[in-house]
Amino acid sequence: MPVPAPARRIAWALLVTQLPLATTTAERLTAPNKHLRDAEGRVVILRGINVINKGGDYVPWQGPEEFAKIRSWGMNCVRLGILWAGVEPQRGVYDDTYLDRMAALAEQMGEQGLHVVLDFHQDIYSEYFGGDGAPEWATLDGGIPFEPRDDWFMNYFEPAVQHAFGAFWRDEEQIQSAYHAMLAYVAERFSTVDAVIGVDLMNEPWPEPLAGALFDPGFYEDFLQRAHAAVAAADAGLLTFWEPRVTTNWGAPSYLAAHPGNDWVMAPHYYDPATETPWGYLGVPALMTSAMSRRATERIRFRDPVWMGEYGIEWEQPGAAEYLRDLQNLFDFYGFGSIYWEYARGDTGMGVEYPDGSERPVVDVLVRPVPRRIAGDPAWFGPAPLSGNWQLTWSGGRKIDAPTEIFVPASRHYPNGFAVRCSDPPGRWSYDWDETSEILRVWADRSRFSHTLTLIAQR
């Protein structure tokens, strides 16, 4: 029998009051190679959800209660959508009231121990074309009529939209230069917001010309370097999250160069076109496996960690739960960060809550064990192929004097409790369990090169 909505809201209020607030001291992560790392040298795995409002005042409706829910789901990161049209409604005039409201939201997220990545979002370039992103003054359509199409994504192929993107990449009327100035202004404004760890330079950049082999080295690389410099000018240790062109969302390669330095993070998206058909997901992970393998290979070439900035599926689609599990298993296998699309309410779609604020079934799939910080280099983690027991294998870390921290959703997925096993010799390792935060902290035997930790559900 479903619990009445008022009772659910009361239960959530009680839960939120029981969760202690995390400290909000600033933490700056680095990206020296395959993984993000904290000050102790531990690998940090960022898992979370997108929060955005693409219209109106561009300020998301979520608040402290929703951010506490995100934390209770074992997530530690929010991709917070920022709209250029909100920041700079008139050329050279920045809306500090909008930025102050967004900064207040980021601070509230930080109070729940959530890291925040600012997402400079766009879809179909701007609201002028029925999408979001650029203000109208920055939309150069060349006087070409715009004919909206029923399928929103197909609007990218409209000549007026393509002209606007081309003008941006060519920096006509210094539109791209204005964008970089805006990035620098926002980075400086958020440099004192402890929760903010980085800036996602542009959501799903559309290539013009369309061929990636021409666009990436010919136009996009210069944009990234200038945008990185704009963010770095804040001198706040903010990471640069960069997305490959949107046509890589299905696994196509990127033709960019490697990025020197310890502050670049590759932030691709993944959406399987087949899941938008009436057949949904047929249980064959060939495309996602190929795409994630390519991203893992590019991670080595670019020397950047991989943080999947968007993924998702409409819950009503056939095979939705299996699709998400298979995709998350691949994220786990490669140690990728990942951010689900999106924190929204509705009876259908990709949102995580119903209109009354109660959870949709997708939350049970998204909430799973995850190592938030690993005292060494992860080999892999996730459900073991034969037993199904969750495992983490890692190596190194002999100089790291801090524990491995694992979120274990015991109340949701281990109702009868769980046993903890480790490959280290008895008496040479230890752990403690915080039932409130559902964080398992493990101190491994630092004299050993590798370790395997196993969680066994009690029956």
Please compute the modelled spin-label separation between Ser293 and Ala213, points set 7 Å along Cα→Cβ, answer in nm with one decimal. 2.2 nm
Whether region 372-459 is rounded, prolate or oblate, judged on the alpha carbon gyration tensor where a/c under 1.5 counts as rounded: prolate
Stretch gain in nm, segment Ser387-Gln225, where the contour uses 0.36 nm per residue and the Cα spacing is subtracted: 53.7 nm
Using a 10 angstrom Cβ neighbour count of at most 11 plus a DSSP loop assignment to flag exposed GluC sites (Glu not before Pro), which longest range of the chain is free of such sites? 1-315
Label Trp152 and Arg301 with points 7 Å out from Cα along Cα→Cβ: what is the distance between them in nm? 3.1 nm
I'd like the orientation of helix 286-302 relative to the chain: the angle between its Cα long axis and the longest Cα principal axis, in ° from 0 to 90, rounded to 10. 80 degrees
So which chymotrypsin sites (Phe, Trp or Tyr not before Pro) in region 364-459 pass both tests, a DSSP loop state and at most 13 other Cβ atoms within 10 Å of the Cβ? Phe449
Contour minus Cα-Cα span, Ala181 to Gln458, at 0.36 nm per residue, comes to 94.1 nm
Order these by the 10 Å Cβ neighbour count, fewest first: Thr436, Thr275, Thr393. Thr436, Thr393, Thr275
Tell me, how many Å apart are the Cα centres for region 276-349 and for region 166-229? 25 Å
Most exposed to least, judged by fewest other Cβ atoms within 10 Å, Lys399, Lys69, Lys34 sort to Lys399, Lys34, Lys69
Only one of the listed values, (1) 0.98; (2) 0.96; (3) 1.00, was derived from the coordinates as Rg/Rh (Cα atoms, Kirkwood Rh); which label is it? (2)
Roughly how big is region 372-459's charge dipole about its Cα centre, with Cβ charges of +1 (Lys, Arg) and -1 (Asp, Glu), in debye to the nearest 20? 200 debye
Fraction of antiparallel bridges per DSSP, region 5-367 only, in percent to nearest 5: 15 percent
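Every number in this text was worked out from the coordinates using simple rules, so none of it is lab data. This structure is a prediction, so every number in the text was calculated from the model and none was measured. We place every Cβ from the backbone using ideal geometry, glycine too, and count neighbours over all the protein chains shown.
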